C-alpha cells in the first residue's frame, strides 16, 4: 500500500471478521480481536460504549430489572494455571488483584491509571473530550501536559494553544510543562512510580519503569478523568539479553538487534505484502538480569521507547532495585525543584514525591514467574553483536549490520528525539572536538531532549564545540523527529537518532538510516557511513572516557537543584485540598 491508496473494508458481523480490498482485490483478512468492537462502532466509540453500558447497568439495577442482554460481552480466557509475566502482574496489581496475581492475555480489564501524559498535537482534542466528559478534576493521580511538538516553530494557533492549555490542565490538578522545556517522555518518565500502569497521547509513551499503553486523545481524556482505562490484555513476547556488551556497541544497537534477530528467526518481514510481525499488538517484555552491565533507567528507556517501532502494545523491562531507587531519588529533587520554579499543580507533584518516598522506604519490584507463558522467547547473546546495527531506509524493521551498508554517502545527520539523553550529546561533542572549524561536509542537527540537558551541555562547554563545528542546535523538543517543524532538504540521505524513518517523515524524498548517536556523529564527520573498522577507531575515543560521557542527570547530586528543592515542604503542600 502507498499513501493515497483507497481501501474498502468489509465486515462480517456473524464471523467477527474484517476483509480489506484494494481495487476489488483482497489484500488482507483478519478476525476481530473481540466482537465487542462491533458494539463500539455502533456506539460511536469505546468510551461511549463504556459509559452507556455502565449507565444501563446502574439504571436497570435501580429499577430491579435483570442485566441487559443487548451488549456483547468479552469472552474471558481460561486460566492456564501457569505463572504470570511481569506485565501481567503490573496490570493485575492495577486491577486490584491479590499480590503476585496477574491478568491473563485476552482478558478484558480496567486497570488504574497512575500516570497519564498528553502532548500538544493531541492535547487540544483531549481538552475538548475532557469538556465532553464534564471533567472538573482529574481522577488519575498525575496528569502531565507537554508542548514539545510545536514549541520550536509555532503557528498562531499553536501559540494560542500554548497560552490556554496550561491553565486548563492545572485547574484540574494536572502538571503543565512550558514551551521549550522539552520532550514529553523525558519529563514524564521522571514522574513515574515503579510497577504502576499509565497511558499517554503519544505512541512513544513507553514507561521504562511500570508499563504504559499509549492511546488516542479520547481514551487519554477518559483515563485522566476517570482514573481507569479499558484494556484487552495482550500476549507477551520476551527478549533476554545475556552477557557483556562488546566495545563500541551501544544501547541503540541492542534496540535494533531485536528486529534483526526476529528477521533471522522468520518472525518479522520487511516486505509489506504478507507482512509478518510477531511483536505487533503484543507486549514486548525485556529481561536484563543476565547482562553484565546494570542498566540505568535512562538507558532502559531506549529499549522501551523503541517498542513503538515494533508495533508492540506496550513494554515492560526488568531492572534492578538499585537503579530504580537511584532514579527516584533524582526525580524527587527534580519535582521539588519544579515546585520551587512555580510549576503547577504543586499539590499533584508533592503527592507524587510523597509516593516516591514511600517506595524508597520499602523498595521492591515485581518479577515474572519462572513458568510464565510467552508467545515466544528470544535470547540474544551480546558477544555475537560485534558491529553497529542500523535500520535502513525507509523502514524501522529493516535492520542490517553496518558492514552491509558501509560507504553510503550521507548528506544530513540528526541527533535528537526521545531516544537520546545527555550522554549521547557528550559523545557527539567528544568526536566533534577534533574536527577543524566549519569543516563538516554534512548538515548536522542537534536537539537535546530537555531544557536541563541543554543547560548542562552549555555549562560543560559543548555548545561551543557544536557551534565551532558548524552544527545547527535546536530548541529542546521533538525537532526533526515528527516532521511537522523543521525538515531536512528534499531527497537527502540522512543518519538519524530519531524514532522512525518512514517515507517523507524527516523530509520530502529523504532516505533515512536510524542509528546510534555515536555512529551518527561519525557519519557527520566522515560524510559517509563508515566501515566497522573506521567506526571502532572513533568509538575507542568515546570508550576511553565513557565514565564521564555517560554520566546522567542525577538532580539529587547537583547543587543548583538541591538548593532549591531543600526549601520545598512537600508534606505541607500535599496536605492541601484541591479547591
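The values are calculated or read from the model by the stated rules, or taken from the named source; none is laboratory data. Only a predicted model underlies this, so the values are computations on that prediction, with no experimental measurement involved. Glycine also receives a Cβ, built like all others from the backbone with ideal geometry; neighbour counts cover every protein chain displayed.
Below, the figures for the structure above:
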item	result
Criterion violated by residue 279 - all others in (1) at pLDDT 95 or above; (2) part of a loop (DSSP other than H, G, I, E, B); (3) out of contact with any strand residue (DSSP E or B) (no Cβ under 7 Å at 6 or more places or on another chain) satisfied	(3)
When residues of region 289-309 are limited to those that are buried (at least 21 other Cβ atoms within 10 Å of the Cβ) and in contact with a strand residue (DSSP E or B) (Cβ under 6 Å, 6 or more places away or on another chain), the one nearest to residue 253 (Cα to Cα)	303
Boolean, residue 423 is without any contact (Cβ under 8 Å) to a residue 40 or more places away in the chain, in a helix (DSSP H, G or I) and surrounded by 19 or more Cβ atoms within 10 Å (Cβ to Cβ)	no
Residue check, residue 428 crowded, with 23+ Cβ neighbours inside 10 Å, in contact with a strand residue (DSSP E or B) (Cβ under 6 Å, 6 or more places away or on another chain), outside the structural domain of residue 255 (by TED's automatic domain parsing) and within 28 Å of residue 292 (Cα to Cα)	yes
Counted residues, region 543-553 - those being surrounded by fewer than 17 Cβ atoms within 10 Å (Cβ to Cβ) and closer than 14 Å to residue 450 by Cβ	1
Hey, residue 43 surrounded by 12 or more Cβ atoms within 10 Å (Cβ to Cβ), modelled with pLDDT of 85 or more and touching a strand residue (DSSP E or B) at 6+ places or on another chain (Cβ under 9 Å) or not	no
Checklist (1) touching a residue at least 40 places away in the same chain (Cβ under 8 Å); (2) touching a strand residue (DSSP E or B) at 6+ places or on another chain (Cβ under 8 Å); (3) crowded, with 17+ Cβ neighbours inside 10 Å applied to residue 489, failing item	(3)
Condition broken by residue 119, with the remaining ones in (1) within 30 Å of residue 166 (Cα to Cα); (2) surrounded by fewer than 19 Cβ atoms within 10 Å (Cβ to Cβ); (3) in contact with a strand residue (DSSP E or B) (Cβ under 9 Å, 6 or more places away or on another chain) satisfied	(2)
Yes/no for residue 229 being buried (at least 19 other Cβ atoms within 10 Å of the Cβ), farther than 30 Å from residue 78 by Cα and touching a residue at least 24 places away in the same chain (Cβ under 8 Å)	no
Residue in region 349-367 that is farther than 24 Å from residue 306 by Cβ, touching a residue at least 40 places away in the same chain (Cβ under 8 Å) and in contact with a strand residue (DSSP E or B) (Cβ under 7 Å, 6 or more places away or on another chain) present	yes
Whichever residue in region 554-579 is in contact with a helix residue (DSSP H, G or I) (Cβ under 9 Å, 6 or more places away or on another chain), exposed (fewer than 13 other Cβ atoms within 10 Å of the Cβ) and at pLDDT below 95 and, among such residues, is nearest to residue 517 (Cα to Cα)	571
The listed residue being buried (at least 21 other Cβ atoms within 10 Å of the Cβ) and either on the phi > 0 side of the Ramachandran plot or in the same structural domain as residue 161 (by TED's automatic domain parsing) (or both), out of 268, 254, 192	192
When residues of region 78-116 are limited to those that are under 17 Å from residue 228 (Cβ atoms) and in contact with a helix residue (DSSP H, G or I) (Cβ under 7 Å, 6 or more places away or on another chain), the one surrounded by the most Cβ atoms within 10 Å (Cβ to Cβ)	116
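A quick yes/no check of all residues on (1) touching a strand residue (DSSP E or B) at 6+ places or on another chain (Cβ under 9 Å); (2) free of Cβ contacts under 8 Å to residues at least 40 places away in the same chain; (3) surrounded by fewer than 22 Cβ atoms within 10 Å (Cβ to Cβ):
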| residue | (1), (2), (3) |
| --- | --- |
| 433 | no, yes, yes |
| 459 | no, yes, yes |
| 465 | no, yes, yes |
| 470 | yes, yes, yes |
| 475 | yes, no, yes |
| 479 | yes, no, no |
| 484 | no, no, yes |
| 496 | yes, no, no |
| 501 | yes, no, no |
